Amino acid sequence: MQYKALYREHRPEIFSEILGQDHIVKILRNQIATDTVGHAYLFCGTRGTGKTTTARILAKALNCTDESGGEKPCGQCANCQAISNGSFMDVIEIDAASNNGVDNIRELRESVKYPPSIGRKKVYIIDEVHMLSTQAFNALLKTLEEPPENVVFIMATTDPQKLPQTVLSRCMRLDFKRVTADVIMGNMADICAGQGVEITDDALRLLAVNADGSVRDSLSLLEQCLSAGEKRLDRDTVLEFLGAVPEEFYLELTEKVLTHNISEALIMLNSALQEGKDVKQMMKDWMAHYRNLLITKYVKDPEDMLNMSQDNIVALADQSAKIELAQLNASITTLAKAINDARYSTQARILMEVVIVDLATGVEYGQPAGQARPARVMSTGSPAISMPARKSAPAQKPKATSQPDAGAKPSSAGADAGADQAQTVGNDAGSDVQPQTSAQPQTTAQPQTTADSAADLEDIWREAFEMGETVKPSLNTMRRAVLSEMNDKEFKVIVDSPVFKSLLEKDEQLICQLMEKQTGVRRRMVCKLKGQEADKDEDGKLDEMAQQATDVLGFNVEIK
Ligand SMILES: [Zn+2]
């Protein structure tokens, strides 16, 4: 017996078997019953929603010879059977993707002139019609403008917006919906029952979610699971067969990040990688998930844009309601950056881990959007790095002002000016977090100069390591570090792991050369371990503040 794919074997043959397109079936049934079938149809919808299948059923209905008085098509008569197995001369299927030239359409126009040879109507089914060339469309248009008797065109497309208006206006357009998970699950359950296979509800749901509204995809996936001959399928078996990271995974991973649950998020990543998932693909899929959250949040009727089923959209909407816009934007930016970095990195896993940490710590979950701050991958503003500065920042002002007060009692305006300048210097030293106790409103953006210099440092470092990796691939260790500051003599990098610190220090000469190429100045590298740089950093800031105060007050100030 010839092997038949599951979706072919279970392809609907009559109107009542079409899944999840009741609105379309109703129209077509009515047109057949009242003999008001049009000359040209445009079937729109994503893949696997039944466009071609419905086109064939309509072709059968037009040529069915059943006289029993039942609904047409009967699916049993010779014509119905011939159309089903593709041997009916008057039903011509054209794949526009491979026959998109003007010659193909001219050929079609020639053949259109001849009346049907055995059937009542000649039916042309043009699949992927948006693939036609402009000239081919023009040629087709002439036929559509003067439709011959006894000819019906059924054009199917996943991209109706690519069709010329002139063609659209000549067709009756029917939009195929994604099939709901419930319908898909019911269909798969019937097929499993027919094959004596027991399948759990959550396994069915997992398949349906991954099929994402496409009956054909659901049956292809089910077929993979059935191919091993298992008589019982549960969720774990299905996951194993799919070898895919399901949408649910990203819903859950995002949930972990939203609740700052870094360790569980990292464990999820670890198990996925142990199962052989591709980390770069996961980054892309995760970013796609955030994009879906963004769309769900702001588009009222997101189904078309999202390319996924209603059930998935509901889950997405729940999650996106918990996230502020700024946080969504920041997360997408963070992932986009990491994906870009990962392209040339052999350490994509580390980048993904950094993303998880960054997203989980970057923006305060549930905070008003105005206070949210875009998280950045490995930037000088990386939250983990700026935390010590965040803590120490409020202390700066009292320290700077208390000393002069104890001395010559300068005017308070002068002391404030000194403190404010010291504050700015503190920010320049690597923190882009606005101190919560600052005199400036909390929602105000940080001073532009600070943002520029932080971004500049980030750019310099990025260009340095990108160049470095082409010279010596192991210099991708530089990605693990952040360039935090730079003066005439030295540049300071901060790294979060002792191992990477020693690796960087091994390559110090090379890194200094790379930095010299970037900046034109030869500098020494100072490599600090994250957390340990804070105290030293604070001392440096105090020195600078003392100098600022000295400049303003005109006498020496020491801050200890
Ligand atoms: Zn029939």
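In this structure, the amide hydrogen of I199, modeled 1.01 Å from its nitrogen in the peptide plane, lies closer than 5 angstrom to those of L233, counting only residues at least 5 positions away or on a different chain. Of interest is the spacing of the C-alpha centroids, which for segment 80-133 and segment 330-364 amounts to 50 Å.
Measuring nothing but how far apart in sequence close Cα pairs (under 8 Å, 6+ apart) lie, relative to its length, segment 6-175 scores a relative contact order of 29 percent.
A straight line joining the Cα centroids of segment 1-52 and segment 251-282 runs 41 Å. The lysine pair count for segment 6-175, using Cα distances under 20 Å and pairs eight or more places apart or on different chains, is 19. Rounded, prolate or oblate: pick one for segment 172-278, where a ≥ b ≥ c are the square roots of the eigenvalues of its C-alpha gyration tensor, a/c under 1.5 means rounded, and failing that, prolate if a/b is larger than b/c, else oblate. Oblate, since a/c reaches 1.5 and b/c is not below a/b.
Accessible surface comparison of E223, E505, probe 1.4 Å, protein chains only, largest first: the order is E505, E223. Under 1.5 on a/c is rounded, so check that first for segment 107-254, then, if it is not, pick prolate when a/b is larger than b/c and oblate when it is not; a ≥ b ≥ c are the square roots of the alpha carbon gyration tensor eigenvalues. It is prolate, given that a/c is not under 1.5 and a/b is the larger ratio.
Name all residues of segment 145-178 having a backbone nitrogen under 13 Å from the label point set 7 Å from the Cα of E93 along its Cα→Cβ direction, giving them as ranges. Output list for this probe position: 156. Among the listed pairs K277/K297; K231/K277; K284/K506; K277/K472; K256/K284, those with a Cα-Cα distance over 24 Å are K277/K297; K231/K277; K284/K506; K277/K472.
Compared with the alpha-carbon gap, the fully stretched path from N340 to E252 is longer by 29.3 nm at 0.36 nm per residue. Taken along the Cα-to-beta-carbon direction at a fixed 7 Å, the label points for S117 and R349 span 6.2 nm. When the inverse distances between all different Cα atoms of segment 181-242 are averaged and flipped, the Kirkwood radius reads 11.0 angstrom.
Computed with every protein chain present, the accessible area of V167 is close to 0 Å² [probe 1.4 Å]. Does segment 1-91 come out rounded, prolate or oblate by the C-alpha gyration tensor, with a ≥ b ≥ c the root eigenvalues, rounded set by a/c under 1.5 and, if not, prolate when a/b is larger than b/c and oblate if not? Oblate is the answer for segment 1-91, as a/c is 1.5 or above yet b/c matches or exceeds a/b. When the alpha carbon gyration tensor of segment 6-175 is reduced to an equivalent ellipsoid, its three semi-axes come out at 24, 18, 15 angstrom, largest first. If amide H atoms are built 1.01 Å from N in the plane of the peptide, which residues on other chains or at least 5 residues away come under 5 Å of the amide H of M486? Under 5 Å from the amide H of M486 lie the amide H atoms of K492, each far enough along the sequence or on another chain.
For the pair E146 and A189, the difference between a 0.36 nm per residue extended length and the Cα-Cα distance amounts to 10.8 nm.
The values are calculated or read from the model by the stated rules, or taken from the named source; none is laboratory data. Since the structure is predicted, the reported quantities are computational estimates derived from the model, not experimental observations. Please note: Cβ atoms are built from the backbone with ideal geometry, for glycine as well, and neighbour counts cover all protein chains shown. We work out accessible area using only protein heavy atoms, side chains counted, and drop any ligands, DNA or RNA first. Shrake-Rupley method; radii C 1.70, N 1.55, O 1.52, S 1.80 Å.
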